[in-house]
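Heads up, the thing below is written out as structure tokens.
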Amino acid sequence: MFFRHFFLLLKVAVLTPSLFAQDGGQLYTLYCSACHGADGLGATGGAFPPLAESSWVDGDPDRAIKIVLNGLNGPVEVSGKTYNLEMPPQGAMLQDEQIAAILTFVRSSWGNQAPAITSAQVKATRAANTARKNWWTAEEILKLHPFPIQKTILTDLTSQVYQGVWKYVPDFKTLKAKNIEEEHDGIISLKDSSYENDYGMVWDAKFEIPTKGEYLFYLDADDAGRILIDDELVLEILGTGPLNGSRAQKCIIELDKGSHRFRVEYIQNQGNKGLAIGWRPSSKKKWNWLTEQVAKSPTLQEPILIEASNGRAAIHRNFILGTSPRAIGVGFPGGVNLAYSADDLGPALIWKGPFIDGAKKWLERGTADSPPAGEKVIKLSDARSLPSQARFRGYKLDAQGNPTFSVQIGKQYLLDSWHAESGTLVRKLTVTGGPLEIKIAQPPGISIEGAVGKSAVKLNPDQPVTLTYRWN
Ligand code: HEC
């Protein structure tokens with residue numbers, strides 16, 4: 001008797017899944033993972049778009065529900081990469097509660113953090129769209145369900161408005177603000193000024209860093225702007241010009257866990273205005289925006305490229321064979337290459353010819369070390385060239401992708417800039433806050449103009465020293 005009932009119950013459970021909780025993870029594996037990958041990163045090495053950290057699954061539930069019900073085709077941009085594929089409709093084969101369970105799973109997996117979706121929501125959306133027969137395009141969906149402005153990480157945000165005619169960011173600390181306001185939404189917005197032309201704005205906030213690590217910041221402005229973190233200038237756009245990515249600046253900086261002072265200074269001269277500020281941990285792909293405006297495809301200028309292209313240096317931030325773990329590879333146009341060690345705080349390797357064969361590794365997400373791909377590899381150091389209290393403070397790329405590495409030694413800063421010039425590597429060293437001596441390795445195979453026969457160079461503030469590394 002007991003057994004008959006038991007089996008009857010089991011049968012009911014199998015036949016009417018809607019009465020029982022759905023396992024979103026299992027359903028995802030069945031219906032989505034073939035294309036979007038078990039890890040949500042997009043199947044076949046990212047040929048399909050990711051759902052992990054995708055804005056499409058975040059916010060308004062209707063955006064993702066509609067895509068699942070009716071499918072999607074045509075160009076779609078996901079985390080800065082454009083896809084032009086087809087996703088067939090899934091609505092006919094999935095019940096409302098199954099779609100709800102799948103999307104709830106997707107919205108809470110792989111770093112996504114969006115609220116659950118109920119079957120009532122799916123039901124309502126399905127009912128409201130019965131007339132819809134075509135697949136959606138990304139453009140249509142976004143018009144109906146735009147991406148929300150993300151809640152930002154900024155707290156205690158205040159904005160100040162100044163009036164004046166400027167082409168460069170002035171020293172706002174010497175000027176008097178026309179207006180000061182608290183911005184409780186944490187969003188850096190140009191709407192907070194009533195002026196259209198000839199004004200400046202300053203925002204001050206606290207930026208809470210959740211875990212110690214390397215963070216990227218992105219700045220684009222129309223017209224000029226700069227970002228200061230803990231009163232230190234980290235990014236700056238000089239002069240007047242448009243916001244279209246051509247003048248955008250990015251930097252990587254290492255920040256300790258905890259609260260940091262975050263300040264943005266901005267000026268609008270004449271014509272269009274705009275400000276886009278993004279940030280992300282270096283381990284993540286998705287930018288978080290602090291402004292209403294977001295940059296167009298900031299990942300297109302990602303400092304992770306495998307080859308110098310369009311006259312711009314390539315940056316490789318994976319492990320490089322023969323260097324310390326935190327090496328930053330730079331492939332300059334013209335076939336000269338550098339691996340800078342963020343552990344040893346100086347150049348580790350330089351070589352000529354091809355940069356790094358990293359393409360395969362990136363696609364396969366490998367972790368093995370990539371060797372330099374070229375020849376005449378010269379080891380410059382495998383030990384610190386600076387005092388033990390020196391700390392790596394990140395690097396900045398100029399418009400050509402040439403890096404300036406930044407090191408802090410107590411109150412002093414050392415800026416170590418590199419670029420290529422007719423087959424040589426040119427290194428410019430600048431120190432602030434007091435004199436500094438730097439060890440220079442003189443291995444065979446090269447000569448270093450500016451330090452011939454010297455084992456160290458002495459730097460004085462405001463007297464940059466230029467060294468030229470020439471292969472013999
Ligand atoms: C047959 C392959 C395939 C299956 C199965 C599939 N998708 Fe997709 N999906 C795609 C493709 C391809 C695109 C991009 C379409 C385009 O380029 O317009 C996409 C786009 C998306 C998007 C918007 C873009 C993004 O990456 O965030 C979402 C959300 C999405 N799919 C969710 C799902 C969910 C949830 C399932 C399972 C119910 C699913 N998909 C099943 C292929 C598929």
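Summary table below
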{"quantity": "Residue match in the stretch 276-292 (condition: part of a loop (DSSP other than H, G, I, E, B), β-branched (Val, Ile, Thr) and either more than 26 Å from residue 433 (Cα to Cα) or open to solvent by 70 Å² or more (accessible area, probe 1.4 Å) (or both))", "calculated": "no"}
{"quantity": "Scope the stretch 127-154; condition away from the ligand (no atom under 14 Å from the Cβ), touching a Gly at 6+ places or on another chain (Cβ under 8 Å) and touching a residue at least 40 places away in the same chain (Cβ under 8 Å); matching residues", "calculated": "148, 152, 153, 154"}
{"quantity": "Inter-residue pairs, beta-carbon under 7 Å, first within 10 Å of the ligand (Cβ to nearest atom) and in the stretch 31-49, second among the polar types (S, T, N, Q), 6+ apart", "calculated": "31/90; 40/109"}
{"quantity": "Any hit, the stretch 249-264, residues being under 15 Å from residue 167 (Cβ atoms) and surrounded by 18 or more Cβ atoms within 10 Å (Cβ to Cβ)", "calculated": "no"}
{"quantity": "Criterion (of a type in the set (A, V, I, L, M), more than 19 Å from residue 127 (Cα to Cα) and touching a residue at least 24 places away in the same chain (Cβ under 8 Å)) met by exactly one of 68, 76", "calculated": "76"}
{"quantity": "Index of the failed condition, residue 71 passing every other in (1) in contact with an Asp or Glu (Cβ under 8 Å, 6 or more places away or on another chain); (2) within 6 Å of the ligand (Cβ to nearest atom)", "calculated": "(2)"}
{"quantity": "So residue 111, is it small (Gly, Ala, Ser) and either within 12 Å of the ligand (Cβ to nearest atom) or without any contact (Cβ under 8 Å) to a residue 40 or more places away in the chain (or both)", "calculated": "no"}
{"quantity": "Matching residues in the stretch 80-107 - criterion: being within 8 Å of the ligand (Cβ to nearest atom) and not hydrophobic (A, V, I, L, M, F, W, C)", "calculated": "83, 84, 86, 88, 90"}
{"quantity": "The one condition in (1) more than 8 Å from the ligand (Cβ to nearest atom); (2) within 22 Å of residue 25 (Cα to Cα); (3) charged (D, E, K, R) that residue 63 fails to fulfil", "calculated": "(1)"}
{"quantity": "Tabulated pairs, the stretch 408-429, first closer than 20 Å to residue 354 by Cβ, second part of a loop (DSSP other than H, G, I, E, B) and open to solvent by 60 Å² or more (accessible area, probe 1.4 Å), C-beta under 9 angstrom, 6+ apart or interchain", "calculated": "419/398; 419/400; 420/334; 421/334; 422/334; 423/334"}
{"quantity": "Filter result for the condition that a residue is at pLDDT below 95, within 22 Å of residue 313 (Cβ to Cβ) and open to solvent by 60 Å² or more (accessible area, probe 1.4 Å), over 380, 415", "calculated": "415"}
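The values are calculated or read from the model by the stated rules, or taken from the named source; none is laboratory data. For clarity, every value in this text was computed on a predicted model and none was experimentally measured. Because the Cβ atoms are built from the backbone with ideal geometry, glycine has one as well, and the counts that use them run over all protein chains shown. Note: areas computed on protein heavy atoms with side chains; ligands, DNA, RNA excluded. Shrake-Rupley method; radii C 1.70, N 1.55, O 1.52, S 1.80 Å.
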